[in-house]
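Following: one structure in structure tokens, then a few remarks.
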Amino acid sequence: MTIPQSKQNEKRIFSGIQPTGNLHLGNYLGAIKNWVKLQEDFSSIFSIVDLHAITVPQEPLQLRASIHEVTAAIIASGIDINKSILFNQSSVKEHSELAWIFNCVCRIGWLNRMTQFKEKAGKNRENATVGLYSYPVLMAADILLYKATHVPVGDDQKQHIELARDIASSFNNMFTLDNENNFFSLPEPQIFGPATRVMSLRDGTKKMSKSDPSDASRINLTDTKEEISSKIKKAKTDPNPLPETVDELKKRPEAFNLLNIYSSLSNQTLDKTVENFVGKGFSHFKPKLIELAVENLNPISSEMRYLLKDTKAIDKILKTGEIKARQIAEPVLQDVKSLVGLIN
């Protein structure tokens, strides 16, 4: 039985993003910008995870449009489809098949500890779908199907990587006879720099979100220069000048968020940003942030608009990625089924 890796001891990442429309600055700084860097050093597999998206109700036509939009955003941001694999999750059936096998490995107690389900289901948990409850198992299948060694995630997703490790360990104990050559290795989370968690422009204590009813709370990747400028000008702040230290800044959530965004867009530390703007007011800082945000984001939004003029071309890109993804996924699933005792 072969444990597939394209190169001996190869470092491979898998990461996905949901196609729920309105991709924003938080998605870019927290995920896509890091993907662009990682593809230089890792064998990289990126997926538009549409099966995760339908754990909550989606309007079908809008979902299809969002898949195209997210694909365009990823390419426009700098993912090289000749270096990295980019595909739509539901087109690779092995994800769902492996998820079912993992459902028969994962323990209910493990899922009961998942904090994101509690947050998303809220008080009305009895009406939440089974998919919303068990989607961390599908996430584990997404990762382990490609024998990913590393998974770039935000802090809020780290618990899901721990679950993937638990499932991998449990599977190995149940079905791998040679303890020195476990079938699944344990993936490592990669949590990046200062802007892994970008907050709302209207409330620095809440994460920037696609679902926030206020469009002014986020900078969308499709926003024009004028919209970016207007949103930053209106972003909530406080009347005090910018402080001398990061510790002081942490007591001021809106100020912290804006300087955090500046740091990530300028590829410098938060300490350096604080040093550059110490004692300045927001009337001085915001124009600098607007200039930097427009410089970084306007080329992406322009390229997205160009790509979205030809959705058939986007479909061809996803189809090519699907073929490449299945070349890795299919033999892994075949080996898993053999280990479990299923007939291929």
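Seen from all directions on average, region 87-179 presents a Cα convex hull projection of 6.9 nm².
Tell me, Kirkwood radius of region 21-158 from alpha-carbon pair distances, in Å? For region 21-158, the Kirkwood estimate is 16.3 Å. Remark on GLY204: its backbone amide H falls under 5 Å from those of GLU254, a criterion applied only to residues 5 or more positions apart or on other chains, H modelled at 1.01 Å from N.
Dipole magnitude for region 88-131: computed about the Cα centre from +1 point charges on Lys and Arg Cβ and -1 point charges on Asp and Glu Cβ, it is near 260 debye.
Of interest is the spacing of the C-alpha centroids, which for region 117-149 and region 297-320 amounts to 29 Å.
Counting neighbouring Cβ atoms within 10 Å and putting the fewest first, the residues TYR135, TYR262 line up as TYR262, TYR135. All alpha carbon pair distances within region 215-305 were sorted into 5 Å bins beginning at 0; the resulting P(r) in whole percents reads 2, 14, 26, 25, 17, 10, 4, 1, 0. Note on region 143-281: Kirkwood hydrodynamic radius from all Cα pairs is 17.8 Å, rounded to one decimal.
Relative to the present Cα-Cα distance, how much length would full extension add between SER230 and ILE323 at 0.36 nm per residue of separation?
29.2 nm
Residue pairs exceeding 30 angstrom between C-alpha atoms, taken from LYS37/LYS231; LYS118/LYS251; LYS123/LYS158; LYS83/LYS120; LYS37/LYS250; LYS93/LYS206: LYS83/LYS120; LYS93/LYS206. Report note on the peptides 231-237, 58-64, 139-145, 208-214: ranked by the mean count of other C-beta atoms within 10 Å, highest first, their order is 139-145, 231-237, 208-214, 58-64. Measuring r between the beta carbons of ASP247 and GLU10 and using R0 = 30 Å, the FRET efficiency lands at 0.15. Scalar couplings 3J(HN,Hα) for region 223-236, obtained by applying the Karplus form with A = 6.51, B = -1.76, C = 1.60 to θ = phi - 60°, are 5, 7, 4, 5, 5, 4, 4, 4, 5, 6, 4, 8, 4, 5 Hz; x denotes Gly and Pro.
Within 10 Å, count the other beta carbons around each residue, average over each peptide in 116-126, 273-283, and list them highest first.
So the peptides 116-126, 273-283, ranked by packing, come out 273-283, 116-126.
Ranking ASN257, THR237, ALA313 by how far each Cα lies toward the positive end of the dipole of the chain (charges on Cβ) leaves THR237 at the top.
Output the 0 to 90 degree angle, nearest 10, between the alpha-carbon long axis of helix 158-175 and the longest principal axis computed from the alpha carbons of the chain. That helix lies at roughly 10 degrees to the long axis.
Backbone phi angles across region 41-57, fed through the Karplus curve with coefficients 6.51, -1.76 and 1.60 (θ = phi - 60°), yield HN-Hα couplings of 10, 10, 5, 10, 10, 10, 10, 8, 8, 6, 5, 5, 4, 7, 5, 10, x Hz in residue order; Gly and Pro are listed as x.
So, with +1 on the Cβ of K and R and -1 on the Cβ of D and E, and no other charges, what is the size of the charge dipole of region 215-305 about its Cα centre, to the nearest 20 debye? Don't skip to the answer; put the middle values down first.
Values: 14 positive and 14 negative charges, 44 e Å.
So the dipole magnitude of region 215-305 works out to roughly 220 debye.
Using the beta-carbon distance between ASN240 and VAL130 and R0 = 56 Å, what value does 1/(1 + (r/R0)^6) give for FRET efficiency, to the nearest 0.05? So, using R0 = 56 Å, E works out to roughly 0.70.
Averaging 1/r over each pair of different alpha-carbon atoms in the chain and inverting the result gives 21.4 Å, the Kirkwood hydrodynamic radius.
Computed from phi, the 3J(HN,Hα) profile of region 295-310 under the Karplus parametrisation 6.51, -1.76, 1.60 (θ = phi - 60°) reads 4, 7, 9, 4, x, 5, 5, 5, 5, 4, 4, 5, 5, 6, 6, 9 Hz, with x in place of Gly and Pro.
Evaluated at q = 0.14, 0.15 Å⁻¹, a Debye calculation over the C-alpha positions of region 56-114 (equal weights, vacuum) places log10 I(q)/I(0) at -0.67, -0.74.
Using a simple spin-label model with pseudo-atoms 7 Å out from Cα toward Cβ, GLN159 and TRP110 lie 1.5 nm apart. For MET199, the amide hydrogen comes within under 5 Å of the amide hydrogens of MET208, counting only partners 5 or more places away or on other chains and with H modelled in the peptide plane.
Values quoted throughout were computed directly from the atomic coordinates according to the rules given, and no laboratory measurement underlies them. This is a predicted model, so every value here is computed, not measured. All Cβ positions, even for glycine, are placed from backbone atoms using ideal geometry, and neighbour counts span all protein chains on display.
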